[in-house]
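Notes to accompany the following structure.
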Amino acid sequence: MGQVDDLFAKTSDYKPAEVPTPAYVAAQDSTKVAGGWADPEDWRHVDFSLRTTHENGGQIAFGADGRPLNPAGPTGFVGRRLGKWGPNQAVDPVVLLRDAAGLSVLLIERSDTGALAFPGGMLDAEESVPAALSRELLEETGLSLSFAPDCVVHRGIVARDPRNTDNAWMETSVGATLVSGPAPIVTAGDDAKTAQWMRIDASLQGRLYADHGDFLRIVLEKVSPG
Ligand code: RP5
């Protein structure tokens, strides 16, 4: 038995709640709608051999019912809130700004939870990670920047994304770049309520959405602000 199966097997009295697929996800069923970005309701129609995961050694584990199993373990919920069964691949652009006052990072206020977050979003089919990082940054903050092929500092599950279930979860590629001041003007767009440069201080990491505080720490360790 693999590592992920163990996480679920050890909780025999586990009684997760089944979540209904949100209507806006079901409306994007790619087997019914041309250009739809969501999987069909029946996971048995999904070819998981074509899916990438950055967890569990690149292998998706499956439960007895054939649904993919969250590599971070039980969430209390089965079913799907996200577009795809199993891993849902996102990108997170992290733009650091160095100016006379110190180091800042470009953040948005998410329109769903109101939390401060990187201006991330979903990786489109056939899209490269650097292209997706630039696209999401532009859509959510109005900032046009290119990301180098070697900009990715971290890949893995976003274990604390509140939309995760035991069968569908968020994974991301975090790409970082460093710019020098003065701060470029940014404008919130798409699903961002605000976009702003925020000074990096001791309290910021704990105030970010899901695992974004951990990702910021990784970025700061790997990208030398000079
Ligand atoms: C997070 O959700 C990811 O890290 C990324 O920032 C974001 C992608 O979802 P949407 O912003 O497209 O809803 O888990």
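Treating each Cα of the chain as an identical point scatterer and summing with the Debye formula, the log10 of I(q)/I(0) at q = 0.08, 0.09, 0.13 Å⁻¹ comes to -0.31, -0.39, -0.79. Round to the nearest 10 and give me the degree value, 0 to 90, for the angle of helix 212-222's Cα axis relative to the longest principal axis of the chain. Long axis of 212-222 versus the principal axis of the chain: about 60 degrees. Ranked by the mean number of other Cβ atoms within 10 Å of their residues, highest first, the peptides 15-25, 132-142 fall in the order 132-142, 15-25. Cβ-to-Cβ counts within 10 Å put Trp85, Trp197 in ascending order as Trp197, Trp85, the fewest first.
A crude spin-label estimate for the pair Phe48 and Gln3, with each label 7 Å from Cα along the Cβ direction, gives 1.7 nm.
Once the C-beta distance of Thr31 and Ile185 is scaled by a Förster radius of 41 Å, the resulting FRET efficiency is 0.45 to the nearest 0.05. For the chain, the 222 nm mean residue ellipticity estimated from helices alone, with every DSSP H stretch of n ≥ 4 adding -39500 (n - 2.57) and the total spread over all residues, rounds to -4500 deg cm²/dmol. Only one residue of Thr31, Gly66, Ala117 has its Cα farthest out toward the positive end of the dipole of the chain, where Lys and Arg carry +1 and Asp and Glu -1 on Cβ, and that residue is Ala117.
Throughout, read-outs are computed from the coordinates displayed, never taken from laboratory work. Computed from a predicted structure; not experimentally measured. Positions of Cβ are backbone-derived with ideal geometry, glycine not excepted, and every protein chain shown enters the neighbour counts.
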